[in-house]
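Everything below concerns the one structure shown next.
Throughout, read-outs are computed from the coordinates displayed, never taken from laboratory work. Just so it is clear, the structure is predicted and the values come from calculations on it, not from any experiment. Note that we place each Cβ from the backbone using ideal geometry, even for glycine, and neighbour counts take in every protein chain shown.
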Amino acid sequence: MKKGYLFKENVDWEEVALAINENCKQYYSFEESLEEVSNVFDLTNADHSKLFYNNQVFSGNFEGPTQDDFTEQWVRKYKTTPAFEVTVLDDKYGYILVPAMRSEKKLNKQAQRMYDEIYKIKSSHTLQGWIIDLRFNTGGDIWPMLLPLYDFLGDTKVWGTLDFNKKLVSEVTLEEGKYKANAKKIASIKPKGELLDNVKVAVITNMATGSSGEVTALSFKGRSHTIFIGDKTYGKTTTNVGASLPFGAYMTLTVGYDCDRNGTYYEQISPDVTVKKQDNFDNLLLDGNIQEAIKFINAH
């Protein structure tokens, strides 16, 4: 953290070390001492970092949305751990639910499988527009989230990373189905058919949309024929990398600010049309967010 943490210059590391070393005197094993990880994150204001060890996850004590901030319908569906979903609403509108997700070992196959679900719909229906729902996307790995959406983004810069001074230090592009970070291919899918980069797209967010979910949303910033609907996002718009630690532990280390294709940083992503607590996952056509999306798609 002293070398790579985005806000390292704001931390009195000597003071942190003294406090943690003193606290550690009360523990009699390495496993017990890991309770101090939360204090490290608290003292350094590392609200987007976590430490993983032996199937345990340690994070700081920071306030965030609570169950009371969401509708009963959202809470009920969230507890089912929603999966990636593609369907057609009213025979006119494509609907894609992109949840939180982690990369599988065979990342290309994972992304291709989801891309093919979208292709199956786009190739068999004449649709007026698409709705991308990020209300359950609390984060994870960005590659399997963005690659299936390649047709909507096309060959372009999609997002990047800024340093502490808000200067661009890296950028991510999509190119012929390839996901590239600073021109290095990370993963890819095999595109099929025509691109959808000029069709109308409505992106739905809420306060649960965080981290990589927010990067997915901001990747659509600067895209034409696009609207953002719902509630403001969680506000974890900083870039994390995996950092290996001793004893098989690792942490997510915050190293930069996330930015859109134009280099703009958003502390939170605010919607163009605000819709709060009007979820209806039993009948999506009665969902207030979906209804606003359909209005946008149908507008001339």
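Couple of notes before you dig in:
- Relative counts (whole %) of C-alpha pair distances in the range 178-300, using bins that are 10 Å wide: 12, 32, 33, 18, 5, 0
- Relative contact order %, the range 1-95, counting alpha carbon pairs below 8 Å whose residues are six or more apart: 15
- Distance between the range 92-106 and the range 209-223 - C-alpha centres, whole angstrom: 14
- Cα radius of gyration and Dmax for the range 1-116 (Å): 20.7, 65
- Derived scalar couplings between HN and Hα for the range 97-104 equal 9, 10, x, 4, 7, 10, 5, 8 Hz in order, rounded to whole Hz, by the Karplus curve 6.51 cos²θ - 1.76 cosθ + 1.60 (θ = phi - 60°), x for Gly and Pro.
- Rg to Rh quotient for the range 149-241, alpha carbon positions, Kirkwood Rh: 0.97
- Relative protection proxy for 275-282, 9-16, 157-164, from highest mean packing down: 157-164, 275-282, 9-16 (other beta-carbon atoms within 10 angstrom).
- When its C-alpha radius of gyration is set against 2.2 N^0.38 Å (N residues), the range 34-186 gives a value of 1.25.
- Here the simple spin-label model places points 7 Å from the Cα toward Cβ, and for residue 103 and residue 194 these points are separated by 3.4 nm.
- Alpha-carbon spread of the range 6-49, three principal axes, descending order, Å: 32, 21, 11
- Signed unit charges on C-beta, dipole axis of the chain, positive-most listed residue 118, 230, 293: 118
- Length gained on full extension, residue 155 to residue 300, computed as 0.36 nm times the residue gap minus the Cα-Cα distance: 49.6 nm.
- Near the amide H of residue 85, within less than 5 Å, lie the amide hydrogens of 97, all on another chain or at least 5 residues away, with H placed in the peptide plane.
- Normalised per residue, the volume of the convex hull around the Cα set of the range 187-242 (Å³): 107
- Residue 2/residue 25 FRET efficiency (R0 22 Å; Cβ-Cβ; nearest 0.05): 0.50
- Cα convex hull, the range 101-219: 111 Å³ per residue, rounded to a whole number.
- Relative contact order of the chain, pairs being alpha-carbon contacts under 8 Å that are 6 or more residues apart, as %: 18
- Percent RCO, i.e. relative contact order, over the range 72-195, from Cα pairs under 8 Å lying at least 6 residues apart: 22
- Residues whose amide H comes within less than 5 Å of that of residue 268, counting only those at least five positions distant or on another chain, are absent (H built at 1.01 Å from N in the peptide plane).
- Karplus (6.51, -1.76, 1.60) ³J(HN,Hα), θ = phi - 60°, over the range 199-216, in Hz, Gly and Pro reported as x: 7, 6, 10, 10, 9, 9, 10, 8, 6, 7, 5, x, 6, 5, x, 6, 5, 4
- Annotation: the antiparallel percentage among DSSP beta bridges lying fully within the chain is about 70.
- Our analysis of the chain gives Rg over Rh at 1.00, with the two radii drawn from alpha carbon positions and Rh computed by the Kirkwood formula.
- Taking the chain as a Gaussian network of alpha-carbon nodes connected by springs under 10 Å, the highest mean-square fluctuation of the residues 20, 132, 121 belongs to 20.
- Calculated [222 nm] ellipticity per residue, helices only, for the chain: -6500 deg cm²/dmol; basis is -39500 (n - 2.57) per DSSP H run with n ≥ 4, divided by all residues, nearest 500.
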